[in-house]
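In what follows, a structure is listed as C-alpha cells, so that the remarks can point back to it.
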Amino acid sequence: MKLQSFLLAAALSVSAFLVQSKDAPADSLALTPPMGWNSWNLFEDRVSEDLIKGVADAMAANGMRDAGYQYIIIDDYWVGGRDSHNRLFPDPKRFPSGIKHLADYVHGKGLKLGIYSDAAELTCGGVTGSLNFEELDAQTFAEWGIDYLKYDYCNAPDDVTTAFTRYKKMGDALKKSGRPIVYAICEWGQRKPWLWAKAAGGHLWRTTFDSRDVWQSNHSWFMGIMEILDLQEGIGRYNGPGGWNDPDLLMVGLYGKGKSSSMGPDGKKYSGCNDTEYRTSFALWSILSAPIIVNLDLSNMNEATKNILLNKDLIAINQDKLGRSGEVILKKDGLQVFRKELSNGNVAILILNRSEKAKEFSYSTAKELNLYAPYSIKDVFAGKEFKAKELKGKLEAHGCKVYVFSKK
Ligand code: GLA
C-alpha cells in the first residue's frame, strides 16, 4: 500500500470508528436487525418475477410476515443491461413486467423489496454493476419502490480506501434519492467494514465470505456455520440500532438444495445440515443480533423448519431494541456460553455444544453466569419457567439451550 493511501486508510478507520462507536443511529432504518428472505443459493441465475411473487405469497400466508420477516431480496442475476439512457433494466425474459410492478406486488402483500448491485462494472455473476452510475441507479431503485440494496464488491480493487469511497458514493446516492432504502454492504468482512461501513451510509455489513450449508467446513474460504460464528468474536460491540454485523444468510431449511451453498473445496458437495444444527444456527444469529435473512424453499417448508423460523422467543431476543450482541462468557470442553443483555433488564443465555457427542452441563447462575438477583428463568425450547441457582441439562451434539432470565 502506498504511504498516501495508507494514511488515508488510517484516517478513515479512526474517524469511522468515532462515528461507529456513537450510539445515535443515522436514520430510523434498521433500528433492529433486518429480517427477510434472499434469492441467492436457492434460485441464483433462475431468479424471476414469478418465483419472487411466490415467495411474497408464501411469506404473507405462512406466518413469516406476521412474525417480523419484512424484506424479499432479489440477489444477483436480475439485471438485463442498460438502455440508451444508461438506465438499468431487468432481464426481460425472467422479469417481463419490470421491477416496479414486482415492488407493487410485494408491497401489496405487506412486505418490502430488496435488490442487488455491485461496486464495479460487473457483479459477481458477471452482469452489469453500478460503478459510475451510482446516482442514476439509486434514483431508478427509488422510482421502482425498492426498500433495500445489497451492494457487492466483486471485480473491485482490494484496498480499503477504494472500498470506502465506492460504498460511500452509493450510500450518498441512496440518501439523495429521497427514498428510505436499507443499505447492505457486502465486501465479505475483508476490510474490517465494522470500522467504516456506517460512515459510508451502511445499515449492515457482511463480516464473512459466503456461508455454506454445512455445520463445519474446516476451510477458511468455504465457510461453515462454526467458521462464521468464530469470526464474530470481538466485533459484537459494533452492533447497535441502525448498524449490524451481517454473518450472511441463514441456511435453515435449505437441506442442501442451494447451488453455491452446497459447493465445497475440490469439488466436494455439502448436503445440508440437520434440524438440530439449523435450530442452533438460528438461535446463535438471534443472540448475536445478526440480520435474520433466510434462503430456503418456501413453497415446501416442513414443520421443523417452521418451528425454527417462527420461534417468538428467539425472534424477540434477536429484535431486542437495545441491539446488544451476545458475547462469549465461557468456553470449555466443547461447550460455549453466550450472554446477551436485553432492553428490559432481562438477560438471554445460550449454551452451545460444539462437540460431536452429547454433553452434560451444569453452571452456577451467580458464579459462572454473573446473574445474582432473584430471576425467573425461561427455557425457550421447553417453554417452561422455573427458578434455580444452577442451570443443568444435557445437549445433543451441535445442540443448544436458550434461557431468558427475568428479574422478579
Ligand atoms: C457474492 C456474495 C453472495 C451473492 C453472490 C452473487 O458471492 O457474497 O452473497 O450475492 O455474490 O453472485
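Would you please name the residue that is surrounded by the fewest Cβ atoms within 10 Å (Cβ to Cβ), looking only at residues in region 101-120 that are farther than 25 Å from Tyr153 by Cα and of a type in the set (D, E, K, R)?
Of everything passing the filter in region 101-120, Asp104 is surrounded by the fewest Cβ atoms within 10 Å (Cβ to Cβ).
Go through region 253-269 residue by residue and tally those that are more than 16 Å from the ligand (Cβ to nearest atom) and either among the hydrophobic types (A, V, I, L, M, F, W, C) or in contact with an Asp or Glu (Cβ under 7 Å, 6 or more places away or on another chain) (or both).
Qualifying residue count for the region: 2.
If I filter region 210-223 down to residues being more than 19 Å from Cys124 (Cβ to Cβ) and surrounded by 22 or more Cβ atoms within 10 Å (Cβ to Cβ), which single residue comes out as farthest from the ligand (Cβ to nearest atom)?
The selected residue is Trp215.
Looking at Leu296, Leu310, Leu335, which one is over 29 Å from Lys192 (Cβ atoms) and either within 16 Å of the ligand (Cβ to nearest atom) or basic (Lys, Arg) (or both)?
Answer to the check: Leu296.
Output the residues belonging to region 162-195 that are surrounded by fewer than 21 Cβ atoms within 10 Å (Cβ to Cβ) and touching a residue at least 60 places away in the same chain (Cβ under 8 Å).
The answer is Pro180, Lys192.
Return the total of residues in region 83-109 being assigned to a loop (DSSP other than H, G, I, E, B) and more than 21 Å from Asp57 (Cβ to Cβ).
Final tally of qualifying residues: 8.
Just checking, does region 111-125 include any residue being part of a strand (DSSP E or B) and either more than 13 Å from the ligand (Cβ to nearest atom) or modelled with pLDDT under 95 (or both)?
yes
List the strands (runs of 3 or more DSSP E) inside region 320-368, counting only whole elements, that have at least 1 residues being over 17 Å from Ile225 (Cβ atoms) and in contact with a helix residue (DSSP H, G or I) (Cβ under 9 Å, 6 or more places away or on another chain).
327-332, 335-341, 347-353
Within region 83-140, restricting attention to residues that are among the aromatic types (Phe, Trp, Tyr) and in contact with a Phe, Trp or Tyr (Cβ under 8 Å, 6 or more places away or on another chain), which residue is nearest to Val55 (Cα to Cα)?
Residue satisfying both the conditions and the ranking: Phe95.
If you take the residues of region 49-67 that are small (Gly, Ala, Ser) and buried (at least 18 other Cβ atoms within 10 Å of the Cβ), which of them is farthest from Gly110 (Cα to Cα)?
Ala58
Kindly indicate the residue of region 131-161 that is surrounded by fewer than 17 Cβ atoms within 10 Å (Cβ to Cβ) and either β-branched (Val, Ile, Thr) or closer than 20 Å to Ala199 by Cβ (or both) and also farthest from the ligand (Cβ to nearest atom) among those meeting that condition.
Glu135
Give the residue, chosen from Asp57, Asp76, that is in contact with a strand residue (DSSP E or B) (Cβ under 8 Å, 6 or more places away or on another chain) and touching a residue at least 24 places away in the same chain (Cβ under 8 Å).
Of Asp57, Asp76, the one residue that is in contact with a strand residue (DSSP E or B) (Cβ under 8 Å, 6 or more places away or on another chain) and touching a residue at least 24 places away in the same chain (Cβ under 8 Å) is Asp76.
All but one of (1) within 15 Å of the ligand (Cβ to nearest atom); (2) of a type outside the set (Gly, Ala, Ser); (3) part of a loop (DSSP other than H, G, I, E, B); (4) buried (at least 24 other Cβ atoms within 10 Å of the Cβ) hold for Lys198; state the number of the condition that does not hold.
Tallying (1) within 15 Å of the ligand (Cβ to nearest atom); (2) of a type outside the set (Gly, Ala, Ser); (3) part of a loop (DSSP other than H, G, I, E, B); (4) buried (at least 24 other Cβ atoms within 10 Å of the Cβ), Lys198 fails exactly one: (1).
Do we find that Arg46 is modelled with pLDDT of 95 or more, within 16 Å of the ligand (Cβ to nearest atom), surrounded by fewer than 16 Cβ atoms within 10 Å (Cβ to Cβ) and more than 25 Å from Leu31 (Cα to Cα) in this structure?
Spelling it out, Arg46 is indeed modelled with pLDDT of 95 or more, within 16 Å of the ligand (Cβ to nearest atom), surrounded by fewer than 16 Cβ atoms within 10 Å (Cβ to Cβ) and more than 25 Å from Leu31 (Cα to Cα).
The values are calculated or read from the model by the stated rules, or taken from the named source; none is laboratory data. This one's a predicted model, so the numbers in the text were calculated from it and none came from an experiment. Neighbour counts are summed over all protein chains in view; Cβ atoms, including those assigned to glycine, are modelled from backbone coordinates with ideal geometry.
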